[in-house]
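Trainee: Questions regarding the structure given below will be posed in turn.
FYI, it's all coordinate maths here, none of it is from the lab. Everything numeric here is computed off the predicted structure, so don't read it as measured data. Reconstructed Cβ throughout: ideal geometry from the backbone, glycine too, with neighbour counts over all protein chains shown.
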Amino acid sequence: MEYVRLGATGLEVSRICLGMMSFGEPDRGMTPWSLPEDEARPLIRKALEAGVTFLDTANVYSAGSSEEITGRAIREFTTRDDVVLATKVHGRMRPGPNGGGLSRVAVLRELEASLRRLQVDHVDLYQIHRWDPATPIEETLEALDSAVRSGKVRYLGASSMWAWQFAKALHLAGERGWHRFVSMQDHYNLLNREEEREMLPLCADQGIGVIPWSPLARGRLTRDWDETTHRSENDAFGGRLYDEASDRAIVERVTEVARERGVPRARVALAWLLAKPVVTAPIVGVTRAAHLDDAVAAVDLRLTDEEVTRLEEPYRPHAVVGF
Ligand SMILES: NC(=O)c1ccc[n+]([C@@H]2O[C@H](COP(=O)([O-])OP(=O)(O)OC[C@H]3O[C@@H](n4cnc5c(N)ncnc54)[C@H](OP(=O)(O)O)[C@@H]3O)[C@@H](O)[C@H]2O)c1
């Protein structure tokens, strides 16, 4: 495994980040396809043994169950200081007033709840999962800054939002002397490259580490267009993200390059992302051991310029989706 700095920070992370949304009790939360603990544990252990030390979860994943599984796995298979632990806040965790969002009340209460589920006294990266239009960003940024100063958070990150919103938050934090976001977790893969317009150049300019979510387009880039899986048949959010008309041609190009190389398609799709200088670490979702082998092997796969051009050529602009 390779390790790189997260953006302009000194924090070293593995070039593959393990997406913990795959792990959680299926009857809790919104991912009925997620793996229960007994199936998740061997995969988490295998990832750690392969040197994948960067773990990304969220309070909302399987209604907290992903964090619980992550916490127990860290205790059992490694030590706290050997992982870089990232979680998120914003999604609704309970009905009624203050049950979600990014108010000072919600941010600080959800941080405590995440620390309890993860069984740790701090997280390395605390990310806002989305923008909260109902809360002044100054309130959120000040609450996040106090979380860092309290010792419960080491670095702050953000996830999918408009580039102007991220630029505003970065500017405000700098102006007020608050800790700034150091990373952007956004939707970026061969099937959706809209972030190349504004967000990724902003991140490059500001030294922000980019950790793309759904780097394999939730499995779309790894198999024939018409093939389905248990997850794809039960992935309501994923069903809204991709569009057959223009995406099928890209999947065919991935298939072509992978066949010529004699490697699985997932390796080609991840190698394409890993070659982008702005990308720190794709957050890969795995539901089988072989998925991990591919993610780890992708770090060493170098595509030629001609292959990159062929993979990118069929892309057409997409509607804004995912946030
Ligand atoms: N910030 C956000 O808003 C946000 C949104 C989404 C995700 N995330 C984060 O990003 C992580 C990854 O998301 P994701 O699971 O959608 O990512 P992904 O890597 O694009 O998709 C993972 C799926 O692709 C398939 N797959 C993976 N490796 C494969 C391989 N080598 N060969 C064949 N198929 C393979 C599997 O599908 P099957 O299971 O169907 O076989 C797997 O479930 C999440 O765990 C979470 O941490 C964040």
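Trainee: Which lysines, on any chain, are close to residue 168 with Cα under 23 Å apart, when same-chain ones fewer than 8 places away are left out?
Mentor: Candidates past the 8-residue exclusion: 88.
Trainee: Give me the angle, in degrees from 0 to 90, between the Cα long axis of helix 289-298 and the longest principal axis of the Cα atoms of the chain, rounded to the nearest 10.
Mentor: Tilt of helix 289-298: around 80 degrees.
Trainee: Hey, another quick one. How large are Rg and Dmax for the range 1-115 when only the alpha carbon atoms are used, in Å?
Mentor: 14.7, 44
Trainee: Also: So if I restrict to the alpha-carbon atoms in the chain, what is the Rg, and what is Dmax, the biggest pairwise distance, in Å?
Mentor: Spelled out, the Cα radius of gyration and Dmax of the chain are 18.7, 55 Å.
Trainee: If you don't mind, another one. Taking Cα atoms, how many degrees apart are the long axis of helix 104-118 and the longest axis of the chain, rounded to 10 and kept between 0 and 90?
Mentor: The angle comes out near 60 degrees.
Trainee: Dipole size in debye (nearest 20) for the chain around its Cα centre, Lys and Arg Cβ +1, Asp and Glu Cβ -1?
Mentor: Here the size comes out at about 600 debye.
Trainee: Would you mind checking the tilt of helix 137-149 against the longest principal axis of the Cα atoms of the chain, expressed as 0 to 90 degrees and rounded to 10?
Mentor: Compared with the principal axis, the helix lies near 80 degrees.
Trainee: Sort 251-257, 281-287 for me by packing, meaning the mean count of neighbouring Cβ atoms within 10 Å per residue, highest on top.
Mentor: Going by the mean number of other Cβ atoms within 10 Å, highest first, we get 281-287, 251-257.
Trainee: With an 8 Å cut-off on Cα pairs and a minimum separation of 6 or more residues, tell me the relative contact order of the chain in percent.
Mentor: Computed value for the chain: 19 percent relative contact order.
Trainee: Along the charge dipole of the chain, which of 79, 21, 53 sits closest to the positive end, that is, farthest toward it, with unit charges on the beta carbon of Lys, Arg, Asp and Glu (+1, +1, -1, -1)?
Mentor: Selected residue: 79.
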